[in-house]
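Peer 1: Please find one structure pasted underneath; my questions will follow.
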Amino acid sequence: MTAIDLRSDTVTKPTDEMRSAMATAEVGDDVFGEDPSINELQERSAALLGKEAGLLTSSGTMSNLIATLAWSNHGDEIIMGTEAHMFWNESAGQAALGGVQTRLVPNDSQGRINPDDVAAAIRPSGNLHFPRTSMICLENTHNRCSGGVLTPEDTKSVGDVAHAAGVPVHLDGARIFNASVALEVPPAELARDVDDLSFCLSKSLSCPVGSVLVGSQDFIDNAKRWRKMLGGGMRQAGVLAAAGLVALDTMIDRLAEDHQHAKRLAAGLANIDGLTVDPESIQTNIVFFEVDEDLGTAADLIAALNRNGVLVSYPGKQSIRMVTHRHISPEDIEEALSRTSAAVRELRSAA
């Protein structure tokens with residue numbers, strides 16, 4: 001039985017065109033700014049997102065941490081949503097390495113945060129009892145909110161509040177191109193009201209590794225120092241950038257296929273007794289669903305799914321996540337649904 005891997009779009013492998021580009025990439029020492037492939041990727045990424053400059057990093061986690069370090073000092077406070085990837089899945093790097101504390105405001109089901117909540121959370125300046133609010137963090141698409149997207153208006157509403165208080169906005173845009181395709185909005189428009197953002201090459205874009213951080217030239221100049229301090233100053237890494245350049249040319253428009261597959265997946269899951277999901281809520285390539293307690297826990301269903309050749313992940317006791325990507329076909333979706341039905345029947349018969 002061939003496994004159907006829905007754990008994440010990080011399991012994607014580079015295309016043949018990427019592998020060829022990597023094999024023939026022109027390279028140089030990037031710490032000296034001399035790798036032409038990296039320079040081209042950074043310049044194209046910044047232009048695509050309407051920013052002045054870019055910086056290749058090893059991962060989205062590194063990009064997000066660098067942004068925190070660039071904007072913050074020890075003892076500062078950053079604000080983000082209760083379901084933010086930076087809070088849940090990045091090993092508390094902001095606290096451990098940045099010396100900053102995190103203040104959480106509620107995310108809604110789509111991943112939005114209320115501008116009024118942000119305004120209330122920003123610390124008033126001049127009070128020595130309070131930490132300084134150094135950064136507001138947004139996420140688009142929102143991982144833990146079923147891949148929900150932020151519209152340009154959603155982002156502007158928070159950006160206006162932050163900037164009125166003199167606080168920069170960082171966007172964790174790991175899947176920003178999924179949002180762009182889903183909304184049919186240019187990525188630069190989604191980035192217009194943030195001061196910097198990161199996006200991942202290694203998720204839906206199918207590259208083997210990498211993230212790009214973009215912002216103003218001054219911000220990126222500062223970010224380079226922090227990248228070096230974190231051990232992220234790569235040398236002849238143009239072989240990685242070459243895959244990223246191919247991705248920008250060939251991988252963005254096809255994301256619509258992943259979104260279609262995710263919507264079909266959600267519709268099928270909704271028809272399986274014991275599973276709960278709202279298909280209308282699915283906007284991109286991430287599907288969260290709940291497991292009824294009479295079937296057991298998410299871990300119980302995951303074990304049954306593994307036995308039936310479906311690989312998934314889960315963020316909580318009763319929640320399971322499935323992610324569509326380049327390697328998942330329409331036939332895989334139908335087979336995954338059939339196998340999931342079998343796994344649920346298995347649990348029900350054992351109850």
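Peer 1: Look at segment 50-71 and say how many of its residues are touching a helix residue (DSSP H, G or I) at 6+ places or on another chain (Cβ under 6 Å) and within 25 Å of D116 (Cα to Cα). First the steps, then the outcome.
Peer 2: First, the residues of segment 50-71 that are touching a helix residue (DSSP H, G or I) at 6+ places or on another chain (Cβ under 6 Å): 50, 52-57, 64-66, 68-70.
This time we only want the ones that are within 25 Å of D116 (Cα to Cα), so: 64, 68.
Within segment 50-71, residues that are touching a helix residue (DSSP H, G or I) at 6+ places or on another chain (Cβ under 6 Å) and within 25 Å of D116 (Cα to Cα) number 2.
Peer 1: Are there any pairs with C-beta distances below 6 angstrom linking a residue in segment 264-278 that is in contact (Cβ under 8 Å) with a residue 24 or more places away in the chain to a residue that is part of a loop (DSSP other than H, G, I, E, B) and surrounded by 19 or more Cβ atoms within 10 Å (Cβ to Cβ), with the two at least 6 apart or on different chains, and if so which?
Peer 2: L269/V277
Peer 1: Is segment 336-347 home to any residue that is under 25 Å from E83 (Cβ atoms), without any contact (Cβ under 8 Å) to a residue 24 or more places away in the chain and charged (D, E, K, R)?
Peer 2: no
Peer 1: Here's another thing I want to ask about it. Determine whether F219 is touching a strand residue (DSSP E or B) at 6+ places or on another chain (Cβ under 8 Å), of a type in the set (F, W, Y) and closer than 13 Å to S59 by Cβ.
Peer 2: no
Peer 1: Tell me the helices (runs of 4 or more DSSP H) entirely within segment 233-331 that contain at least 1 residues that are in the same structural domain as L183 (by TED's automatic domain parsing) and in contact with a Gly (Cβ under 6 Å, 6 or more places away or on another chain).
Peer 2: The qualifying helices (runs of 4 or more DSSP H) are 238-250.
Peer 1: Sort out for me the strands (runs of 3 or more DSSP E) sitting completely within segment 1-106 that have 1 or more residues that are farther than 28 Å from V181 by Cβ and among the hydrophobic types (A, V, I, L, M, F, W, C).
Peer 2: Numbers: elements: 53-57, 77-81, 101-105.
Correct list: 77-81, 101-105.
Peer 1: Another one. Of all the residues that make up segment 72-99, how many are crowded, with 23+ Cβ neighbours inside 10 Å and either among the β-branched types (V, I, T) or under 15 Å from the mean Cα position of the chain (by Cα) (or both)?
Peer 2: 6
Peer 1: Based on what the data block shows, is V105 more than 15 Å from the chain's Cα centre (by Cα) and either crowded, with 24+ Cβ neighbours inside 10 Å or not assigned by TED's automatic domain parsing to the domain that holds A70 (or both)?
Peer 2: So V105 fails the test.
Peer 1: Restricted to segment 18-39, and to residues that are of a type in the set (D, E, K, R) and out of contact with any Asp or Glu (no Cβ under 9 Å at 6 or more places or on another chain), which residue is farthest from K224 (Cα to Cα)?
Peer 2: R19
Peer 1: How many residues does segment 293-328 hold that are out of contact with any His (no Cβ under 7 Å at 6 or more places or on another chain) and touching a residue at least 24 places away in the same chain (Cβ under 8 Å)?
Peer 2: So the answer is 25.
Peer 1: I need the full set of residues from segment 305-334 which are under 21 Å from K13 (Cα atoms) and buried (at least 17 other Cβ atoms within 10 Å of the Cβ), in order please.
Peer 2: V310, V312, R321, M322, V323, T324, H325, R326, I328, D332, I333
The values are calculated or read from the model by the stated rules, or taken from the named source; none is laboratory data. Not measured: the values here are computed from a predicted model. We place every Cβ from the backbone using ideal geometry, glycine too, and count neighbours over all the protein chains shown.
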